[in-house]
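What follows is a single structure, and I will ask about it in a moment.
Bear in mind that the values in this text are calculations on the coordinates, not laboratory data. Computed from a predicted model, the values in this text were never measured in an experiment. Reconstructed Cβ throughout: ideal geometry from the backbone, glycine too, with neighbour counts over all protein chains shown.
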Amino acid sequence: MTSSFDTLIARAEQLLARIETVLPQALSAPDWSAAVAWRYRKRSSGHATLEPVRHISGMALHELKEIEVQKEKIERNTRQFVSGRTANNVLLTGARGTGKSSLIKACLNAFAPQGLRLIEVDKTDLVDLPDIVEVVCNRPEKFIIFCDDLSFEDGEPGYKALKSILDGSVAAATPNVLIYATSNRRHLLPEYLSENLSYQHTPDGEVHPGEGVEEKISLSERFGLWVSFYPFSQEEYLAIVAQWLSSLGLDEAAIAAARPEALVWALERGSRSGRVAYQFARDYAGRTEAPKASAERIADVAGLDDETSTVE
């Protein structure tokens, strides 16, 4: 009888162990010495982890051209943050391919020796922001929680979670955490013509239609620093092309000869963005007899042409 009971207990313990492996578990701290950047990942089982990013883009601040005003603002805010002074959450908005994500990569590289760290969080996982903040709140490092290409549709759960963390939660702000987000949409939520028409009150209309519109912009207003990016002019685009070709090892004569092709490249793509400039430079350098080091440099900054790839 005792043997049967012991067998039953053993099988019950095995069953409980299997169940525990599929139940959601609290987020645990990673080995913080393994990297300076992490990705927050949630598996289908519900388990969430902070995965180290071991190969980080070698982007440098001086390599980002024609965005000097924006660069100064972001660099200053980040320097204040890592120095232990007050700083703001940041929303970078504007034209695609103008260097929003690249600027954050470059800041990470510049300030990592001073203790800056980055955690990339997808917008679908923003509901877990309180758990992430809880894991890092007592760490000596400074953490940027980064969400790239941020925008919401009505009713998405991450919207209210982010809004609460930025400003309005009962919990006090954590001094070693800031949120940096990029978006092509300044107000982050879609706005419709019908919302303006609602000011013409109808029998079944909203009593206070203005409040609905204010809700649309309330999330953006919770970012203390807004930094706007604008499409590049032709000369600005060519200056960026020249910067990347120089970085990839081409001399001044080769850079000057590349200008007509650079303009055609941009015309074919309908854009004069920094991303397009880098894509052209990579293609042109690969077709010419550039120094061998250019291939190494291409690998070093791989990921610039795809701003959704944030830290690799």
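Can you tell me how much longer the chain between Leu8 and Ala239 gets when fully stretched, taken as 0.36 nm per residue apart minus their C-alpha distance, in nm with one decimal?
Difference between extended and current length: 75.7 nm.
If you rank Thr98, Thr93, Thr288 by fewest surrounding Cβ atoms within 10 Å, what's the result?
So the residues, fewest neighbours to most, are Thr288, Thr93, Thr98.
Starting with the fewest neighbours, write out Asp131, Asp31 ranked by other beta-carbon atoms found within 10 Å of each beta-carbon.
The order, fewest Cβ neighbours first, is Asp31, Asp131.
Say R0 is 25 Å: what FRET efficiency, to the nearest 0.05, do Gln114 and Asp31 get from their beta-carbon distance?
Given R0 = 25 Å and the Cβ-Cβ separation, E is 0.80.
Order these by the 10 Å Cβ neighbour count, fewest first: His47, His62.
Neighbour counts put them in this order, fewest first: His62, His47.
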